1. With the cut-off at 21 Å, tell me which of the pairs Lys73/Lys228; Lys73/Lys314; Lys73/Lys153; Lys248/Lys314; Lys158/Lys228; Lys184/Lys338 have Cα atoms farther apart than that.
2. Taking H as built 1.01 Å from N, whose amide H comes closer than 5 Å to the amide H of Phe197, not counting residues under 5 places away?
3. Which value in Å does the Kirkwood hydrodynamic radius of the chain take, with 1/r averaged over all unlike C-alpha pairs and then inverted?
4. Mind listing the long-range amide H neighbours of Lys175? Cut-off is under 5 Å, sequence gap 5 or more, other chains count too, H placed in the peptide plane at 1.01 Å from N.
5. How much area per residue is accessible in the chain when the probe is 1.4 Å and only protein heavy atoms are counted (Å²)?
6. Give me the percent of DSSP beta bridges within the chain that run antiparallel, rounded to the nearest 5.
7. Leaving out ligands, DNA and RNA, and with a 1.4 Å probe, what % of the accessible surface on the chain is carbon or sulfur?
8. Taking 41 Å as R0, compute the FRET efficiency from the Cβ-Cβ separation of Ile5 and Asn329 and round it to 0.05.
Amino acid sequence: MTEEIPLASGHLGRCLHGKKAEDQKRMWRGITSGLVRLHPDRWLYPSDYLRFANSIYNFKFRTDDVLVMTWPKCGTSWVQEIIWTMKNNPNLDNPEQSTAISMRVPFLDKFSIPVVICSFNPNSSLLPARTRVLQSISQECVRGKTPVTATPKPRAIKTHLPFSLFGPSLIDTSKVIYMARHPKDIVISYYHHVCLFKSMSYSGTFDQFFEAFINDDLVYGPYWLHLKEAWEKRDHDNLHFMLYEDLKANPLRELRNLDTFLSTGLSADQLEKICNYTHFDQMKQRNNLWEDIGIEDNVYNKDFAKEHGGFFRKGESNSWQSRLTPEQNQKMDDWIAKNLTPLGIEFRGQGV
Ligand code: A3P
């Protein structure tokens, strides 16, 4: 019988075993620890999650923290860069802006980025601490802190975990920015991601990946439940709910809304400059999600990147049209109608 591990969140973790585990291992070659399902919600994570689950649930958020919460590929990096810049670099003259985004706005989900944790090993030569923040974070990590606890306050933190895997006080303590994206664009972007990143090294076809997505069988689990948990909190003063499509269509308006939510008090001129600074073309050109910390060789499958593009792939909404077959498109429409309609969220420009 499969062992059930009770978690502080109330879920039961069951590691995949037998044929299912073997199949998953073949499919997700980068996830060497295997996978765990959390019941009853069916969240699916690398088994390493179990080592951190309770400390994440009990994580002590601060009142001045901002948590960026998304399902993978909803434009997290874009929001990370926007809010860090709004809070720390409104005049675009902070030398720390050259520090990799993933260091300035660290990832709470440690289990899914072992390579980054490794880079904080004091014996590792992978971390050329080039900037002041990076230097102090790496020194703190050598003293036993994590990238998140070592980050100077006020912190912006990123997670792909849903609300139900955090303690209930999160939303009453810290500000949370939740960004959602149309699932047709997510499935394409996520497929690119899992092939690109060595920590996943997905070996299946796009068709298999598509089926796994709509059956909640991808790592990070049920897309709709993740969205629903946040949507239900949308009227809470500490939650700011955003759509990738809106940010794309009218970034200045969205930045103004963020400015109000974060009480950053920026001028129209500052907001406009930040808008340009965080435009896809600019972020793609800077390309500093990881690169500053010298670990990109450990992060990316370079051959895949050469052929299919790197992390900053297309940065568009509605780009699924050239990728999904008519059958997949219909299947996705049915799936969306069943799940999105009851929520009443409208992704503009997607024809749904
Ligand atoms: P695509 O693969 O469709 O290009 P995340 O940061 O959550 O992993 O999401 C990554 C997706 O957001 C990628 O989508 C990436 O190109 C897109 N993205 C990142 N920065 C962006 C920006 N400044 N403007 C628009 N899209 C951006």
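The values are calculated or read from the model by the stated rules, or taken from the named source; none is laboratory data. In this text the structure is predicted, and so the values were computed from the model without any measurement. Cβ atoms come from the backbone with ideal geometry, glycine included; neighbour counts cover every protein chain shown. For accessibility, only protein heavy atoms count, side chains too; no ligands or nucleic acids. Shrake-Rupley method; radii C 1.70, N 1.55, O 1.52, S 1.80 Å.
1. Lys73/Lys153
2. Asn301
3. Every distinct Cα pair counted, the radius reaches 20.9 Å.
4. Under 5 Å from the amide H of Lys175: Asp65, Leu67.
5. 44 Å²
6. Roughly 45 percent of the DSSP beta bridges within the chain come out antiparallel.
7. 49 percent
8. E(calc), rounded to 0.05, equals 0.55.
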